[in-house]
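The structure under discussion appears below in the form of structure tokens.
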Amino acid sequence: TQEKKGTIASQVNALEVYAEQDGHVIVPEYVCRDDGYSGAMLARPELDRLRDGARAGAFDGILVLSPDRLSRKYAYLILIMEEFERFGVDVLFVEHGISDDPQGALLLQIQGAVAEYERAKHAERYRRGKLFRARQGEVFWTSIPYGYRRIPRHDGVAAHLEISEPDADVVRKIFHWHAEEAMSI
């Protein structure tokens with residue numbers, strides 16, 4: 001993720017440097033970091049907070065690194081941009097700046113479409129990779145059922161599940177209580 005790579009911090013730093021050089025005042029409580037949320041989603045806590053701040057008139061403008069940081073879906077990007085415009089909040093993109101003329105609108109559309117394409121391409125590669133690994137017999141679940149443990153791929157053997165005896169004993173007891181002794185959950 002971006003947070004693990006340290007790119008969120010570098011993006012925020014780039015915005016702070018730009019704001020300082022251009023004479024903008026940053027409102028600290030509206031510095032947004034949607035850690036762990038995809039830019040393809042509209043429902044993101046930090047974006048919601050930013051939109052609420054715009055609605056409340058808490059600031060005059062927002063500074064965004066690039067359009068795909070605001071949203072990776074073109075339709076959402078336009079919706080958000082129109083919302084900020086309705087509330088009288090200027091949106092300034094540091095990278096890939098967009099003017100307010102027909103060329104700027106076209107550029108925004110192209111950037112939005114490219115971001116959405118890149119996201120779809122990444123998702124398809126991920127899906128195909130998971131399918132390939134599954135066909136090889138590999139287990140790639142992110143959530144392992146209780147009573148098992150995941151053995152990572154090694155020495156040409158695909159990742160797989162193995163029964164975890166201490167946990168399996170608990171599962172057996174619960175099953176016995178429910179099935180044999182008719183205990184409810």
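The values are calculated or read from the model by the stated rules, or taken from the named source; none is laboratory data. Since the model is a prediction, treat every value here as computed from it, not as a measurement. Note that each Cβ is placed from the backbone with ideal geometry, even for glycine, and that neighbours are counted across all protein chains shown. Ligands, DNA and RNA are excluded from the accessible area calculation, which covers all protein heavy atoms including side chains. Shrake-Rupley method; radii C 1.70, N 1.55, O 1.52, S 1.80 Å.
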Of all residues in the range 75-101, how many are open to solvent by 40 Å² or more (accessible area, probe 1.4 Å), at pLDDT 80 or above and not aliphatic (A, V, I, L, M)? 7
Only one of (1) open to solvent by less than 80 Å² (accessible area, probe 1.4 Å); (2) in a helix (DSSP H, G or I); (3) of a type outside the set (A, V, I, L, M, F, W, C) does not apply to R72, and that is (2)
So is A120 open to solvent by 50 Å² or more (accessible area, probe 1.4 Å), closer than 30 Å to A159 by Cβ and not charged (D, E, K, R) or not? yes
Find the residue count for the range 124-155, including only residues that are loosely packed, with under 12 Cβ neighbours inside 10 Å, among the small types (G, A, S) and outside any loop (DSSP other than H, G, I, E, B). 1
State the number of residues belonging to the range 1-42 that are among the small types (G, A, S) and modelled with pLDDT of 85 or more. 4
May I ask you to list pairs of residues, at least six apart or on different chains, whose Cβ atoms are under 8 Å apart, with the first in the range 12-25 being in contact (Cβ under 8 Å) with a residue 40 or more places away in the chain and more than 17 Å from D90 (Cβ to Cβ) and the second being open to solvent by 40 Å² or more (accessible area, probe 1.4 Å) and not polar (S, T, N, Q)? A14/V94
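Here is a yes/no grid of residues against (1) aliphatic (A, V, I, L, M); (2) under 21 Å from Y117 (Cβ atoms):
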residue: E20; (1), (2): no, no
residue: V25; (1), (2): yes, no
residue: G39; (1), (2): no, yes
residue: A43; (1), (2): yes, no
residue: G61; (1), (2): no, no
residue: R69; (1), (2): no, yes
When you go through (1) of a type in the set (A, V, I, L, M, F, W, C); (2) assigned to a helix (DSSP H, G or I); (3) closer than 27 Å to A123 by Cβ one by one for F84, which number turns out not to apply? (3)
Considering only the range 15-34, how many residues are exposed (fewer than 11 other Cβ atoms within 10 Å of the Cβ) and acidic (D, E)? 2
Do we find a residue being modelled with pLDDT under 85, in a loop (DSSP other than H, G, I, E, B) and more than 21 Å from S71 (Cα to Cα) anywhere in the range 159-176? yes
Take G57 and decide whether it is open to solvent by less than 40 Å² (accessible area, probe 1.4 Å) and either more than 25 Å from A123 (Cα to Cα) or not basic (K, R) (or both). no
Evaluate the range 40-63: report whether one residue or more is under 20 Å from E16 (Cβ atoms), among the aliphatic types (A, V, I, L, M), touching a residue at least 40 places away in the same chain (Cβ under 8 Å) and not in a helix (DSSP H, G or I). yes
